[in-house]
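Engineer: The structure is given below, and queries will be raised subsequently.
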Amino acid sequence: MKKFFESFLNVWKIEELKNRILVTLGLLLVYRFGAHVTLPGIDATQLHSLAGQTDKGIGSILDMFTGGAFSKASVFALGIMPYISASIVVQLMGIAIPYLQKLQKDGESGRKKLNQITRWLTIAITLVQGPGYIYNLYRTLPSSAFLLGFDSFSFLFSSVLILTTGTIFAMWLGEKITDKGIGNGISLLIMVGILARLPQALFQEFTSKVTNNNGGPMLLVLEIIVWLLVIIACVLLVMAVRKIPVQYARRTTTGDFEQDMMGGNRQWIPLKLNSAGVMPIIFAQAIMFIPAAVAGLSKSETSQSIASTFSNMFGLWYCVVFASLIVIFTFFYTAITVPTNKMADDLKRSGGFIPGVKPGIETADFLDRIMSLITFPGSLFLALIAVFPALVVGLGVQQSWAMFYGGTSLIIMVGVAIDTIQQINSYLLNKHYDGLMKSGKNRKAVA
């Protein structure tokens, strides 16, 4: 604990790091303030029915990612999710479109063009999702809630314009946090939106267990202990790697290379247990929206049954299909993001090799086989965490509190927290001799 406080105090001794943290907190505060600004033309006192719609099922996921802005009919109601969708589309299209592949290889200039394409696609997606959100307001809220008149074109036009502007502004905030602050801005916006629901969910669970005498305080303590254990499991999933030893040839004084197993430069290739991160859950979640949406177009009994099944994210068949899709998408996304052939070629060109494996094709096959072996248990673990909220709901935990026991929200929070802490640690190590060690001595920050 002493080491933690010493490291925390060291953070504020580094002027650049302190300024970046303050900028990050300030921009996050602006985002949270905007989440409480209701769209013009809506009576904020009549949003109770909309909040009730997002208390359970898929609506709770959308409301969680936006930090409650979805249920408040806020200017940030769509949040940063259109930008996330655009990023996924651009990344997937990069596999099939040669122009995007070329941009991915063009370095900084290509990255800027890809970012510009993503921004324009974000606007297009928001212009599609905006009318859908307004139509949902028409269906959910009473007509008296619309101050400009129910189903008026002026309200529709102005609201879609404001929702689009809100998403663009949130995207700008995320990019500014990445450039001027600490951590990944877009991910931090999502994490802050998720954390904003945590106190309310915990209070509701406390009221249910203690005030209403539904199990008592000991059961609540047990739930918190299980929650902490799940967080530890998520940390292990994010951090777990399989180290592949690599031997590099060492240049001698004569200029020749000698491949000496004892004298060469020994390094590792870290292959992550979950290289796909949270993307398989996001892909699977997007697919799970489709059956309910399509079945809802029909009034037949079978269609209504399908719509009901795929709208209940805590149901058995929903979880079975959801977990299966996560396993499939984990292998799919890992194959895209971990190019073993390129890794083998780069290793060969740099004079490195894996002991006991020939450079080239055999190295690529070896890395691909290892990735397949570690991805399978990683995908099962990821699927288990994704459906764990449904398991705890079956044990009597309220749905709002159960959402923090796994799924996309918990993986995002753990991943973003680890990434931000690693960036802070890098600043500490760069500005101190041993910034994270108890025996470390501070030195003056380099100007």
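Engineer: Could you list, in sequence order, all residues of region 137-182 that are more than 20 Å from the chain's Cα centre (by Cα) and of a type in the set (Phe, Trp, Tyr)?
Structural biologist: Across region 137-182, the qualifying residues are Tyr138, Phe146, Phe150, Phe153, Phe155, Phe157.
Engineer: Going through region 373-417 one residue at a time, which ones are of a type in the set (Gly, Ala, Ser) and not in a helix (DSSP H, G or I)?
Structural biologist: Gly396, Gly406
Engineer: List, please: which pairs have Cβ atoms under 9 Å, are six or more places apart or on different chains, and start with a residue in region 416-430 that is farther than 22 Å from Val278 by Cβ and end with one that is part of a helix (DSSP H, G or I) and modelled with pLDDT of 85 or more?
Structural biologist: Sorted first by the residue in region 416-430, then by its partner, the pairs are Tyr427/Arg20.
Engineer: Let me ask you something else. Can you list the helices (runs of 4 or more DSSP H) lying wholly within region 4-95 that have 1 or more residues being at pLDDT 85 or above and farther than 25 Å from Ile290 by Cα?
Structural biologist: Qualifying helices (runs of 4 or more DSSP H): 15-34.
Engineer: Please work out which residue is surrounded by the most Cβ atoms within 10 Å (Cβ to Cβ), limiting yourself to region 344-367 and to residues that are within 15 Å of Tyr248 (Cβ to Cβ) and of a type in the set (A, V, I, L, M).
Structural biologist: So, considering only residues that are within 15 Å of Tyr248 (Cβ to Cβ) and of a type in the set (A, V, I, L, M), the one surrounded by the most Cβ atoms within 10 Å (Cβ to Cβ) is Ala344.
Engineer: Within region 108-125, take every residue that is farther than 19 Å from Val160 by Cα and of a type outside the set (S, T, N, Q) and give me the one that is surrounded by the fewest Cβ atoms within 10 Å (Cβ to Cβ).
Structural biologist: Glu108
Engineer: Has region 238-260 got at least one residue that is in a loop (DSSP other than H, G, I, E, B), modelled with pLDDT of 85 or more and not assigned by TED's automatic domain parsing to the domain that holds Gly67?
Structural biologist: yes
Engineer: Moving on to the next point. Tyr83: touching a residue at least 12 places away in the same chain (Cβ under 8 Å), among the aromatic types (Phe, Trp, Tyr) and under 29 Å from Tyr333 (Cα atoms), yes or no?
Structural biologist: yes
Engineer: From the set of residues in region 220-238 that are free of Cβ contacts under 8 Å to residues at least 12 places away in the same chain and of a type outside the set (Val, Ile, Thr), which is farthest from Thr408 (Cα to Cα)? So that I can check it myself, show each step before the final result.
Structural biologist: Our first condition is that a residue be free of Cβ contacts under 8 Å to residues at least 12 places away in the same chain; within region 220-238, this holds for 221-222, 224-225, 228-229, 232, 236.
Next, from what is left, pick out any that are of a type outside the set (Val, Ile, Thr): 222, 228-229, 236.
Working: Leu222: 23, Leu228: 16, Leu229: 17, Leu236: 16 Å.
The qualifying residue farthest from Thr408 (Cα to Cα) is Leu222.
Conditions tested, residue by residue: (1) modelled with pLDDT of 85 or more; (2) charged (D, E, K, R); (3) closer than 21 Å to Phe65 by Cα.
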| residue | (1), (2), (3) |
| --- | --- |
| Asp345 | yes, yes, no |
| Pro377 | yes, no, no |
| Phe381 | yes, no, no |
| Gly394 | no, no, no |
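Engineer: Something else: Can you tell me which residue among Ile370, Ile326, Ile281 is in a helix (DSSP H, G or I), at pLDDT 85 or above and crowded, with 18+ Cβ neighbours inside 10 Å?
Structural biologist: Ile326
Engineer: Test Val357 against the stated conditions and say whether it is in the same structural domain as Ala233 (by TED's automatic domain parsing), touching a helix residue (DSSP H, G or I) at 6+ places or on another chain (Cβ under 6 Å) and not small (Gly, Ala, Ser).
Structural biologist: yes
Engineer: Within region 314-329, which residues are within 21 Å of Trp401 (Cβ to Cβ) and more than 19 Å from the chain's Cα centre (by Cα)?
Structural biologist: Phe314, Gly315, Leu316, Tyr318, Cys319
Engineer: Moving on to the next point. Within region 329-347, can you find the residues that are part of a helix (DSSP H, G or I) and β-branched (Val, Ile, Thr)?
Structural biologist: Thr330, Thr334, Ile336, Thr337, Thr340 - these are the residues of region 329-347 that are part of a helix (DSSP H, G or I) and β-branched (Val, Ile, Thr).
The values are calculated or read from the model by the stated rules, or taken from the named source; none is laboratory data. Fair warning: this is a prediction, and the values are worked out from it, not measured in the lab. Counting neighbours? That spans all protein chains shown, and the Cβs are built from the backbone with ideal geometry, glycine included.
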